[in-house]
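For reference, the structure discussed in these notes is given below.
The values are calculated or read from the model by the stated rules, or taken from the named source; none is laboratory data. Everything quoted here is computed from the prediction, not taken from an experiment. Virtual Cβ from ideal backbone geometry, glycine too; neighbours counted across all protein chains shown. Remember, those area values only see protein heavy atoms, side chains included, never the ligands or the DNA or RNA. Shrake-Rupley method; radii C 1.70, N 1.55, O 1.52, S 1.80 Å.
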Amino acid sequence: MFRSVLMRRTIALVIGALLFTTVLSTIAFSMASKTASLNAQKDEARIQTDVFADFISENADLIDNENFTDYFFSDTRIMGRSFFFFNSLGTPIYTPHIDNIDTGNTDVEAFNRAVSYIENNMLASISEEDISGKTEDYGRFFDSIFIYQSNVVVGDDNYYLVSVSAVTDDGETIDKFVNILLLSTLCAGFFMLIPIYLVIRRIIMPIQKINYTAQAYGRGDFSVRADEGIKGEVGEIATSFNSMADKISDSIDALTVERNRLQDIFDVISEGIVVVDEKLTPIVVNNTMSSIFDKVSKKNMFTEKLQLIPFNEIWEDYAKCIESGENVERQLEGTTYAYQVNIVPKFGVNNEIVGATGFFRDIYEELKLERTQREYVANISHELRTPLQTLRGLIEPLIDGMVKTEEDKQRYYGIILHETMRLSRLINDMLELSKLQSGTLAFKTFPFDLNELLSEIETKYNSVMVNAGITFQVKFVTGHLPTVVGNPDRVEQILVILLDNAKKYTPEGGSITIETEYSEIDEKVYVSVKDTGQGIHEYDIDHIFDRFFKADRARGKKGTGLGLAIAKELLTYMGETIKVDSEYGKGTTFTFTLKKVVGGTGWF
């Protein structure tokens, strides 16, 4: 409870008020006590002097009574003051003997000066003004001399009785009363702290509970509720807090649902999004940004900004957009990437620019597809134009009757048939590749003996390779191969494509080898077709499986450029892979995989 700032301040204020009141009361009491003490002594002197004056007036014969005057005027220590008796002319008749004067605590020298003042000034005082009640401050500290005059009427004569009293503030008595006042005030203040603490605690506890509730709201816990049963303003505050918490909780729930929906859309969207503030500090980044620039080299990117977006020109575009308030677009292209960038300004509630939002789209595949489509159309046009032009060049002379002999006609017919078959093969390859890529070409895979298939291939191609002056052989590196899964006709088609391709680029005197190897680790057979031909340039090897792609076009090798693309699609359909390794001028190796049969020999 004492940790409460309000409690500490309230108690400190109460203690301060008590101390201030005590000091102020003490000072006021001291001053009032001094004044009251002096006034009481003066009043006593007046009353006593007046009583004595009346007594002398009523007993006039006492003035001439030596015993009375000697007792009354000579020795006044019993009465606590000294008396002087003057006639109407101001001449002293009786004065006290200096040795018998009672000065109390008053300085004797000061008292003597007061007596001297009376003796020297009495005549003027009596004739001009009443000196009754005149106080001369001769003493030090609080000591004073009080002079009082009272009239004495004896017959027709006027006399004056003057008393000289030493009055003091009686400091010792006042100090005692002050100490009692201080002690009583402090005790009362101490005992008042207990009810004050209880009252303040009763006020603070509900406020602290509301404060704890507010802190819970600040942490996002809106299930906590303040006590509405407290009476008074605190209970009303608790009710208001609970009502506010209900409304805020409902609003936050609604906002959370909407935020989650937006976040899902934000994260699922294929475009990368980066929102920055006016200082170009990223404040919102969606999930796509974590991988969109993977194709870009991020070497020497020492800042977080360049790690996020590895292009200085884009950050310059952000700054330009924030400065100008206009959209900025840019297209970035490299050998392995292409991006479309659109940066738009972000406005605040007062329509001021508070940042910018960048949208990043990977268009590499789109551009590649567009480029492939253009090349595809160009290749188709080229591949179809060549046989069509050949056919036209042969048919027109026949129609015009320019071919006269039967022998020439038969030769023309043979060439037409050859070009027609070439055109048919091209169209068939295109259709087969399209079906494979669209998934409409279906064939079954099942276990078969790869050893037998390779032996048949070796038998078929021996004579072909010998005629071409090429050494050809089949090597079983790991011995007899296990039964594999696939379609034997399609596997034979793949081997024919690879062998024809190798024969096309292998010069006379070279060699072509089919090597097989079984790996027990991944239970796959690796089939490689190796040649010692011209090889493939490093800038061509990434496109070797593209449609209509022909390495080293300058040499004018025949073919449609679809064989390797078909081989890859066939293997992909069977769940296998193919790769190429080549060194220009030294030869090329194509390697594809076939899975070993595991547990059963049924159809797949």
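Is it fair to say residue 486 is under 60 Å from the mean Cα position of the chain (by Cα) and surrounded by 16 or more Cβ atoms within 10 Å (Cβ to Cβ)? If you could, list the steps in order and put the result at the bottom.
Numbers: under 60 Å from the mean Cα position of the chain (by Cα): yes; surrounded by 16 or more Cβ atoms within 10 Å (Cβ to Cβ): yes.
In short, yes.
Residue-wise test of (1) open to solvent by 40 Å² or more (accessible area, probe 1.4 Å); (2) closer than 14 Å to residue 313 by Cα; (3) touching a strand residue (DSSP E or B) at 6+ places or on another chain (Cβ under 9 Å); (4) in contact (Cβ under 8 Å) with a residue 12 or more places away in the chain.
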| residue | (1), (2), (3), (4) |
| --- | --- |
| 329 | yes, yes, yes, yes |
| 337 | yes, no, yes, yes |
| 344 | no, no, yes, yes |
| 348 | no, no, yes, no |
| 355 | no, no, yes, yes |
| 364 | yes, no, yes, yes |
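Could you look through region 276-307, keep only residues that are closer than 19 Å to residue 338 by Cβ and not polar (S, T, N, Q), and pick out the one that is surrounded by the most Cβ atoms within 10 Å (Cβ to Cβ)?
292
Residue by residue, here is whether (1) more than 30 Å from residue 19 (Cβ to Cβ); (2) in a helix (DSSP H, G or I); (3) among the acidic types (Asp, Glu); (4) at pLDDT below 80 holds:
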site	(1), (2), (3), (4)
195	no, yes, no, yes
198	no, yes, no, yes
212	yes, yes, no, yes
236	yes, yes, yes, yes
241	yes, yes, no, yes
249	yes, yes, no, yes
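Just to verify a result, which residue in region 519-550, among those that are under 58 Å from the mean Cα position of the chain (by Cα), modelled with pLDDT of 85 or more and not hydrophobic (A, V, I, L, M, F, W, C), is farthest from residue 423 (Cα to Cα)? Spell out the reasoning first.
To start, the set of residues in region 519-550 that are under 58 Å from the mean Cα position of the chain (by Cα) comprises 519-526, 536-550.
From what is left, the residues that are modelled with pLDDT of 85 or more are 519-526, 536.
With not hydrophobic (A, V, I, L, M, F, W, C) added as a condition, the list becomes 519-520, 522-524, 526.
Details: 519: 42, 520: 45, 522: 42, 523: 41, 524: 38, 526: 34 Å.
So, considering only residues that are under 58 Å from the mean Cα position of the chain (by Cα), modelled with pLDDT of 85 or more and not hydrophobic (A, V, I, L, M, F, W, C), the one farthest from residue 423 (Cα to Cα) is 520.
What tally of residues in region 551-560 results from selecting those that are touching an Asp or Glu at 6+ places or on another chain (Cβ under 9 Å) and either surrounded by fewer than 20 Cβ atoms within 10 Å (Cβ to Cβ) or at pLDDT 80 or above (or both)?
Restricting attention to region 551-560, the residues satisfying the condition of being touching an Asp or Glu at 6+ places or on another chain (Cβ under 9 Å) are 551-552, 559-560.
Of the ones still in play, those that are also either surrounded by fewer than 20 Cβ atoms within 10 Å (Cβ to Cβ) or at pLDDT 80 or above (or both) are 552, 559.
Summing the residues that are touching an Asp or Glu at 6+ places or on another chain (Cβ under 9 Å) and either surrounded by fewer than 20 Cβ atoms within 10 Å (Cβ to Cβ) or at pLDDT 80 or above (or both) in region 551-560 gives 2.
Quick one: which residue in 481, 495 is under 19 Å from residue 572 (Cβ atoms) and touching a residue at least 24 places away in the same chain (Cβ under 8 Å)?
Numbers: 481 fails: under 19 Å from residue 572 (Cβ atoms).
Sole residue among the options that is under 19 Å from residue 572 (Cβ atoms) and touching a residue at least 24 places away in the same chain (Cβ under 8 Å): 495.
Restricting the search to region 153-176, which residues are farther than 19 Å from residue 48 by Cα and modelled with pLDDT under 75?
Passing the criteria: 169, 170, 171, 172, 173, 174, 175, 176.
Do we have any residue at all in region 50-70 that's out of contact with any Phe, Trp or Tyr (no Cβ under 6 Å at 6 or more places or on another chain) and modelled with pLDDT under 75? Don't jump to the end; show me each part of the working.
Pass one, region 50-70, residues out of contact with any Phe, Trp or Tyr (no Cβ under 6 Å at 6 or more places or on another chain): 50-61, 63-68, 70.
Subsequent filtering for residues that are modelled with pLDDT under 75 retains 70.
Within region 50-70 (the criterion being out of contact with any Phe, Trp or Tyr (no Cβ under 6 Å at 6 or more places or on another chain) and modelled with pLDDT under 75), the answer is yes, since at least one residue qualifies.
Only one residue in 508, 523, 517, 538 is closer than 19 Å to residue 452 by Cα and either of a type in the set (Lys, Arg) or open to solvent by 40 Å² or more (accessible area, probe 1.4 Å) (or both). Which one? Lay out the reasoning, then the answer.
Numbers: 508 fails: closer than 19 Å to residue 452 by Cα; 523 fails: closer than 19 Å to residue 452 by Cα; 538 fails: closer than 19 Å to residue 452 by Cα.
Answer to the selection: 517.
Enumerate the pairs (first residue in region 533-545 and of a type in the set (Lys, Arg); second residue anywhere and open to solvent by 40 Å² or more (accessible area, probe 1.4 Å)) with beta-carbon separation below 7 Å, excluding pairs fewer than 6 apart on the same chain, so at least 6 apart or on different chains.
Going by the 7 Å Cβ cut-off, there are no qualifying pairs.
One residue is enough: does region 257-275 have a residue meeting the conditions at pLDDT 80 or above, among the hydrophobic types (A, V, I, L, M, F, W, C), open to solvent by less than 50 Å² (accessible area, probe 1.4 Å) and touching a Lys or Arg at 6+ places or on another chain (Cβ under 8 Å)?
yes
Please work out which residue is nearest to residue 29 (Cα to Cα), limiting yourself to region 178-190 and to residues that are open to solvent by 100 Å² or more (accessible area, probe 1.4 Å) and modelled with pLDDT of 75 or more. Quick ask: steps written out before the conclusion?
The initial filter retains those residues of region 178-190 that are open to solvent by 100 Å² or more (accessible area, probe 1.4 Å), namely 180, 183, 190.
After this cut, where a residue has to be modelled with pLDDT of 75 or more as well, the list is 180, 183.
Working: 180: 11, 183: 14 Å.
Out of the qualifying residues, it is 180.
If we scan region 164-173, do we find a residue that is farther than 17 Å from residue 34 by Cβ and surrounded by fewer than 17 Cβ atoms within 10 Å (Cβ to Cβ)?
Pass one, region 164-173, residues farther than 17 Å from residue 34 by Cβ: 164.
Within this subset, residues satisfying the condition of being surrounded by fewer than 17 Cβ atoms within 10 Å (Cβ to Cβ) are none.
The answer is no; no qualifying residue exists.
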